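First up is the structure itself, then whatever we jot down about it.
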Amino acid sequence: MSRAPLPLAAHERLIFALDVPGHDEAIAWVDRLGESVSFYKIGMELLASGEYFQVLDALARRDKRVFVDLKFFDIPATVAGTIRRLAQWPVSYCTVHGWHAGMLQAAAEANHGDMRLLAVTVLTSMGRPDLAAMGIDREPVEVVVERALAA
């Protein structure tokens with residue numbers, strides 16, 4: 001099988017995780033990395049700082065792409081409302097849990113922007129004992145495949 005090169009430059013394929021406690025540290029990383037990175041993931045720790053949208057705005061002002069990794073999981077109407085609001089921001093990707101088909105459908109229907117939704121099927125830290133504790137007696141890979149096909 002031949003491997004054709006990806007049509008993106010290396011700095012566009014790399015997503016740097018801004019898993020830091022606040023705005024100042026996040027922006028220090030962005031400034032330090034400069035043009036070598038054009039895509040950033042922002043997650044829960046920054047959300048809890050109260051500076052999440054300041055970071056998102058600062059990334060947009062620097063023409064950086066943003067991956068919002070908050071793994072939304074709630075009733076369909078709540079997730080849809082969240083996606084509708086988030087789609088107004090310059091966000092390239094956003095994560096939602098892939099455990100509930102109705103929630104995924106509501107999220108997709110609410111997304112009226114260019115943002116791509118990524119369904120999180122199983123957290124990478126979860127093993128078979130974790131799934132068993134939730135009443136799922138299968139290997140994580142089986143659950144991933146099942147949920148990916150359903151998404």
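Every read-out reported here was derived from the displayed coordinates using simple, explicitly stated rules and does not represent laboratory data. Remember, it's a predicted structure, so these values are computed and weren't measured experimentally. Glycine also receives a Cβ, built like all others from the backbone with ideal geometry; neighbour counts cover every protein chain displayed.
What the table shows:
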| item | result |
| --- | --- |
| Size of electric dipole in the range 94-151: Cβ of Lys, Arg +1 and of Asp, Glu -1, about Cα centre, debye, nearest 20 | 60 debye |
| Surface/4 estimate of mean projected area, convex hull on alpha-carbon atoms of the chain, nm² | 11.0 nm² |
| Full-extension gain in nm, ALA10 to GLU142, via 0.36 nm per residue minus C-alpha separation | 44.3 nm |
| Charged-residue dipole, Cβ positions (Lys, Arg, Asp, Glu), the chain about Cα centre, Debye nearest 20 | 360 debye |
| Residue-averaged [θ]222 nm for the chain, counting only DSSP H segments that reach four residues, each worth -39500 (n - 2.57) | -12500 deg cm²/dmol |
| Nonlocal amide H pairs with GLY98, under 5 Å, H built at 1.01 Å | VAL120, THR121 |
